[in-house]
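J.: Would you mind keeping the following structure in view while I ask a few things?
The values are calculated or read from the model by the stated rules, or taken from the named source; none is laboratory data. Just so it is clear, the model here is predicted, and its values are computed rather than measured. A quick note on method: Cβ atoms are made from the backbone with ideal geometry, for glycine too, and the neighbour counts reach across all protein chains shown. Each accessible area value is taken on the protein alone, full model and side chains, heavy atoms only, with ligands, DNA and RNA left out. Shrake-Rupley method; radii C 1.70, N 1.55, O 1.52, S 1.80 Å.
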Amino acid sequence: MKKKNKGILKFLKSLGPGFVTGTADNDPSGIATCSQIGAKFGYGLLWTSLYTLPMMIAVQETCARIGTCKGKGLTHTISHFYSRKIAAIMVLLLLIANIINIGADIGSMAAATQLLIPLNFTVLVCLFVFVMIAAQIYIGYKKYAALLKWICLSMFAYPLTVIIINAPFSEILPATLIPHMQFDYNFLFLVTGMFGTTISPYLFFWQASQETEEDRAHHRIKKSGDVCIKRSDIKNMQTDNLIGMVMSQITSWAIIVVAGTVLHAHHITDVKTAADAAKMLEPLVKNYHHAGLMAKIIFSSGIIGLGLVAVPVLSGSCAYAVCELFQWRAGINLKFKPGKKFYSIIILVTVLGAVLNYIGIDPIKALLYAAVVNGILAIPMIFLITLIGRNEKILGEYKSSRVSQFFMWVTFICMLLSALGMMFAH
């Protein structure tokens, strides 16, 4: 038994940026998007969780490869090898989308906590803001990365909820394997939003930057700035990335299944927040005594846990992107004084996001439009990332494989067609 426990601990320690990035993909705003998709279309979009998986793996692996091989994040690489103006535009759009996401996430976390503990909404918002900012500033990289990995285990809440609600797998399996398409605006809007939630620019920036942190932590970056890596480092990165993305899509799939089984089946087609989805489960799940309460508690706990991972990723990706654009020092390995610009950006975007909960913006509309903006913004970014990934002058012998390049181009084409179809169907 002890050997088994040691093996599990060793496995968890081997996981890194890919696992955390995959978990952060299912932030409270992503949970709300998947819940809305399940509530509105039932199992109609369940197949997207399966078919976007190889795309997500390819995109995130390429971003991780760039960070690992160059010891620099995406903003620096795009600025250096392509155009600083393009990088600046992408950073600006990233900031706007991330601040909206942060606001929706913090609001959902506070609302989900209220379902479990009767505390004031504003008190909870301030508490979450303080805890997440303090963790990023005062915990060193190794402890911070380890803490995030443990919180990531909260993603298992959603597969567990699927078991509790006794979902009909005879209907779910065909819906997962066989794509269902509707050529109308609402359908394509949500497909584009699903792409934006799954293959999102903030994940590109975060994972690339976190791989550079791994390079620093393992002393792979020389004083000259050159990066010294081995084939084994690339293989470890690929394994970490694969596990993170698979877990991410299992979680998305589970959320859609729960919403489709419970909400859509009871003709509830509009979900405003992730907390709303959790609240609706209790009176509707009637398989056995207290099943509804259990489903609500588990679903709510998942929202809080994944939010604690996602908000630092959202704010951190903004800080890395801005600092790389202006060539400021960046990294959660820095103390506050030498990293004050980096941490100031984290504080600013987190507080701005929290304030959005008080200025009358409809959270679900802001959230869905942010997801769609992310889906559109990702298109030119994927094009550039694909070019960088296949460029031997930039990545040398560690450039992307042909299989990875193929799925990168498939991702680019599918997301482009989805966005164009949505625009023409409007």
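J.: With SER404, SER400, SER344, SER418 as the choices, which residue is open to solvent by less than 20 Å² (accessible area, probe 1.4 Å), over 30 Å from CYS34 (Cα atoms) and of a type in the set (Ser, Thr, Tyr)?
T.: When all the criteria are applied, what remains is SER400.
J.: Taking ILE96 as meeting all but one of (1) at pLDDT below 90; (2) open to solvent by 10 Å² or more (accessible area, probe 1.4 Å); (3) over 17 Å from ALA371 (Cβ atoms); (4) in a helix (DSSP H, G or I), write down the number of the exception.
T.: Every condition holds for ILE96 apart from (3).
J.: Only one of (1) without any contact (Cβ under 8 Å) to a residue 60 or more places away in the chain; (2) of a type in the set (A, V, I, L, M); (3) open to solvent by less than 50 Å² (accessible area, probe 1.4 Å) is not met by LEU119, so which one is it?
T.: Checking LEU119 against (1) without any contact (Cβ under 8 Å) to a residue 60 or more places away in the chain; (2) of a type in the set (A, V, I, L, M); (3) open to solvent by less than 50 Å² (accessible area, probe 1.4 Å), the one that fails is (3).
J.: Additional query: Looking at ALA146, is it assigned to a helix (DSSP H, G or I), farther than 28 Å from MET294 by Cβ and in contact with a Cys (Cβ under 7 Å, 6 or more places away or on another chain)?
T.: Judged against the criteria, ALA146 is not a match.
J.: Can you spot a residue in region 386-397 that is open to solvent by less than 60 Å² (accessible area, probe 1.4 Å), over 21 Å from CYS34 (Cβ atoms), in contact with a Phe, Trp or Tyr (Cβ under 9 Å, 6 or more places away or on another chain) and outside any helix (DSSP H, G or I)?
T.: Looking for residues that are open to solvent by less than 60 Å² (accessible area, probe 1.4 Å), over 21 Å from CYS34 (Cβ atoms), in contact with a Phe, Trp or Tyr (Cβ under 9 Å, 6 or more places away or on another chain) and outside any helix (DSSP H, G or I), one finds at least one in region 386-397, hence yes.
J.: Continuing with this model, one more query. Tally the residues that are modelled with pLDDT under 85 and more than 30 Å from MET381 (Cβ to Cβ), restricting the search to region 1-59.
T.: Total meeting the criteria: 13.
J.: Can you run down the residue pairs with Cβ atoms below 6 Å, 6 or more apart or on separate chains, where the first is in region 122-138 and touching a residue at least 12 places away in the same chain (Cβ under 8 Å) and closer than 13 Å to SER315 by Cα and the partner is surrounded by 15 or more Cβ atoms within 10 Å (Cβ to Cβ) and not aliphatic (A, V, I, L, M)?
T.: VAL129/THR350; MET132/PRO312; ILE133/THR350; GLN136/PRO312; ILE137/TYR343
J.: I want to confirm something. Restricting to region 137-174 and keeping residues that are small (Gly, Ala, Ser) and open to solvent by 20 Å² or more (accessible area, probe 1.4 Å), which single residue is nearest to LEU50 (Cα to Cα)?
T.: Taking the candidates together, the pick is SER170.
J.: Still on this structure, please answer the following. Does region 356-372 hold any residues that are in a helix (DSSP H, G or I) and either open to solvent by less than 40 Å² (accessible area, probe 1.4 Å) or modelled with pLDDT of 80 or more (or both), and which are they?
T.: Answer for region 356-372, where residues must be in a helix (DSSP H, G or I) and either open to solvent by less than 40 Å² (accessible area, probe 1.4 Å) or modelled with pLDDT of 80 or more (or both): LEU356, ASN357, TYR358, ILE364, ALA366, LEU367, LEU368, ALA370, ALA371, VAL372.
J.: For region 212-231, give me each residue that is surrounded by 12 or more Cβ atoms within 10 Å (Cβ to Cβ) and of a type in the set (Gly, Ala, Ser).
T.: Listed by number, the list holds a single entry, ALA217.
J.: Among the residues of region 48-78, write down those that are open to solvent by 30 Å² or more (accessible area, probe 1.4 Å), out of contact with any strand residue (DSSP E or B) (no Cβ under 8 Å at 6 or more places or on another chain) and in a helix (DSSP H, G or I).
T.: LEU50, TYR51, LEU53, PRO54, ILE57, HIS76
J.: May I pose another question? Among VAL271, VAL258, VAL285, VAL311, which is the only one that is more than 17 Å from the chain's Cα centre (by Cα) and at pLDDT 80 or above?
T.: Only one candidate passes the filter, namely VAL258.
J.: List pairs: first in region 176-195 and in a helix (DSSP H, G or I), second among the basic types (Lys, Arg), Cβ under 8 Å, 6+ apart or cross-chain?
T.: ASN186/LYS40; LEU190/LYS40
J.: Any residue that is closer than 30 Å to ARG390 by Cβ and in contact (Cβ under 8 Å) with a residue 60 or more places away in the chain - is there at least one of those in region 140-155?
T.: Among the residues of region 140-155, at least one is closer than 30 Å to ARG390 by Cβ and in contact (Cβ under 8 Å) with a residue 60 or more places away in the chain, which makes the answer yes.
J.: Do we find that GLN238 is open to solvent by 60 Å² or more (accessible area, probe 1.4 Å), modelled with pLDDT of 85 or more and not charged (D, E, K, R) in this structure?
T.: yes
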